[in-house]
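The values are calculated or read from the model by the stated rules, or taken from the named source; none is laboratory data. If you're wondering where the values come from, they're calculated on a predicted model, not measured in any experiment. So basically every Cβ, Gly included, is an ideal-geometry build from the backbone, and we count neighbours across all protein chains shown. All accessible areas refer to the heavy atoms of the entire protein, side chains included, with ligands and DNA or RNA removed. Shrake-Rupley method; radii C 1.70, N 1.55, O 1.52, S 1.80 Å.
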Amino acid sequence: MKFGIFFELSVPRPFSPEREREVITNALEQARLADELGFECAWVVEHHFLEEYSHSSAPELFLTAVAMQTQRIRVGHGAVVCVPEINHPIRVAERAAFLDLLSGGRLEFGTARSSTWTEIGGFEADPDDTKKDWDEYVRVLPQMWMQETFAHRGRCFSMPERAILPKPLQKPHPPMWVTVTSPGTELDAADRGLGCLGVATASYAEQERRTREYHRRIQLCEPAGAVVNDRVAILNFMYCHEDAKRAAEDGLRFLGTFGLLNAHLLFTREVYPTSAYQSLANLAPSPSAKGGPGDRPGVPDGICIGDPRGIISAAKRWESIGVDQINMLLNASEVLSQDQVLASLRLFAKEVMPVFAC
Amino acid sequence: MLVGTGDPETLARHAAELTGFATSPEKLLGVETLQIAFEAERGGADDLLPPGLHPTRPPVVTWLVQRVPESPWGPFALAQCRIECRSGLRPRGFLRGGVIDNEAARDALAARWGYALALGAPRLVRSYDEIRAGATLGGTTVLELALRDPMPLRNADAYYVASVHLAHTPRGLRLVQVDPEFDVARAERGRPLALHFDADAWRCAGLRPSAPVSGSFSIADVTLPALRYVCRPEVPAFLGTERVDA
């Protein structure tokens, strides 16, 4: 089992450049500490226009800063939006290769298609096309990285023969992933030989079912790239404190804030009827397994909020159902202080990670 | 976190009088529904929601025009104007104004589910090349919509967000959660047009629709549900939600 950290770069209102800078510099400090402590990867999302929830519109710049300030931790695009109105595929290939060079071959390359109307509508992309766009991207990007020159006549873009430069350091190319929000996307990942980068929390039973099906399907895959990435990563929420009660109090504040911000996004499914978006794509776990609106929630099963013993127990359970990596969201809208987040990281590394060391 | 900035008492100026919470479900067969969604300019949009609801970004207005061929109150046509929002974690459409052509249906919908509706003339006309819908109040056109080039859509892809209605209830002014179930038999999607919208007539003063989002049409059996929850309009749903079906 490996552990990563995951950034949304959420910024509390009222926004200001100073507040945004503080969020970014806090995240960079967390990434530096995670590097020292032995975390596997620092992931960052790509989002546009999502006020408060995520101001991470230029993840390649954030990851470049992480790469320049760290020695060992891998840098993860979690994930690049593969929609031509948002990111042209040539620019995606160029930037990713550049980041792989700058980081000394530490890039993990996630792919996605966006799930909110705020983003898709903002770029005037067609929601019916984003799945098809994504499929074309994941097939051509490895070719752009591996071939000396590349030409393409496709559905979402075309180009005459050119040398796409630079080339990534990792050979044949950086590991590729798909963000899995909606049930069923893990099968898309498996069929293409891509890593399953879970970004929506699921129950143990649901994740076990998805992981089993993913591993079964990927045996038969037609790889989109030159190498199969068969790892399964999930998103989790971490607040580790010696006192379980205190951990739950503060951790639930963080989890609840994230859940609210996420639920307040305008998902495409809600306003645009299409088979291409069949669920709302909420990422947060249900705050309470029983009861109704207004009931006081507890820490949901499997969430890494608690004392080290409780978190070890949850992580062991995830490991037992075939999860290879847990990526931890550390804060939301700065409801935890930077000192709390850094202390939580240190305690987790001291008490939890050694249990999972190979 | 964003919250509505409208004063609940002001927003409730034409609110319905909900006579009680113990309403039994009502199934309406073969209901035709045209739904058009448009983004709206941000200025003033948050004033149309009470503090108990959270605005979306961008603001989105949805119009639903329905033709109900049979009901316990006779056939009727209904047009609604809603603002998309969140109640706690849940997506909702906040009803701002409605027009109906059947007085008995108006009274029943108000008393049992908190719909605030004015008597007028909604209409829904289907052709192969477009579906037209709209409403008049006192002979004046207050809404004109069209769905151009409708094409079949999977029934499962038709999607309707549940409603909240600000109503006077036995517990005082409350947001009444109404979650109609749509059992869709046929669905279509097309190019949405908002040809005319009199914001004032829909109690949406200052609301300016700006960009089309989607348009769909369905034929469905629609069940108006029993009421389960109401919320106080002045506080977020986690603080102000009350069960009414116990």
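For A:GLU124, all conditions in the list (1) assigned to a loop (DSSP other than H, G, I, E, B); (2) closer than 30 Å to B:VAL61 by Cα; (3) in contact with a helix residue (DSSP H, G or I) (Cβ under 8 Å, 6 or more places away or on another chain) hold save one; what is the number of the exception? Only one criterion is unmet by A:GLU124, namely (3).
I'd like to know if the stretch B:168-181 contains one or more residues that are in a loop (DSSP other than H, G, I, E, B), within 14 Å of chain A (Cβ to nearest Cβ) and touching a residue at least 12 places away in the same chain (Cβ under 8 Å). Among the residues of the stretch B:168-181, at least one is in a loop (DSSP other than H, G, I, E, B), within 14 Å of chain A (Cβ to nearest Cβ) and touching a residue at least 12 places away in the same chain (Cβ under 8 Å), which makes the answer yes.
In this structure, A:ASP100 qualifies as more than 14 Å from chain B (Cβ to nearest Cβ) and buried (at least 23 other Cβ atoms within 10 Å of the Cβ).
From the residues in the stretch B:95-132 that are small (Gly, Ala, Ser) and open to solvent by less than 10 Å² (accessible area, probe 1.4 Å), which one is nearest to the other protein chains (Cβ to nearest Cβ)?
The residue in question is B:GLY114.
Within this structure, B:LEU207 passes the test of being away from chain A (no Cβ under 13 Å) and open to solvent by less than 20 Å² (accessible area, probe 1.4 Å). A count restricted to the stretch B:29-63 and to residues that are open to solvent by less than 10 Å² (accessible area, probe 1.4 Å), within 17 Å of B:LEU124 (Cα to Cα) and not β-branched (Val, Ile, Thr) stands at 3. Looking at this structure, is A:SER203 within 30 Å of B:PHE38 (Cβ to Cβ), surrounded by 14 or more Cβ atoms within 10 Å (Cβ to Cβ) and not hydrophobic (A, V, I, L, M, F, W, C)? When the stated conditions are applied, A:SER203 does not pass them.
Residue count for the stretch B:47-60, restricted to those that are over 17 Å from the mean Cα position of the chain (by Cα), of a type outside the set (Gly, Ala, Ser) and either away from chain A (no Cβ under 11 Å) or assigned to a strand (DSSP E or B) (or both): 2.
Count of the stretch B:4-25 residues, restricted to those that are surrounded by 14 or more Cβ atoms within 10 Å (Cβ to Cβ), touching a helix residue (DSSP H, G or I) at 6+ places or on another chain (Cβ under 8 Å) and modelled with pLDDT of 95 or more, is 7. When we screen A:GLU51, A:GLU46, A:GLU60 for residues that are within 14 Å of chain B (Cβ to nearest Cβ), open to solvent by 10 Å² or more (accessible area, probe 1.4 Å) and either out of contact with any Asp or Glu (no Cβ under 8 Å at 6 or more places or on another chain) or acidic (Asp, Glu) (or both), the only hit is A:GLU51.
Going through the stretch B:81-94 one residue at a time, which ones are touching a Phe, Trp or Tyr at 6+ places or on another chain (Cβ under 7 Å) and either away from every other protein chain (no Cβ under 14 Å) or in a strand (DSSP E or B) (or both)?
Answer for the stretch B:81-94, where residues must be touching a Phe, Trp or Tyr at 6+ places or on another chain (Cβ under 7 Å) and either away from every other protein chain (no Cβ under 14 Å) or in a strand (DSSP E or B) (or both): B:CYS81, B:ARG82, B:ILE83, B:CYS85.
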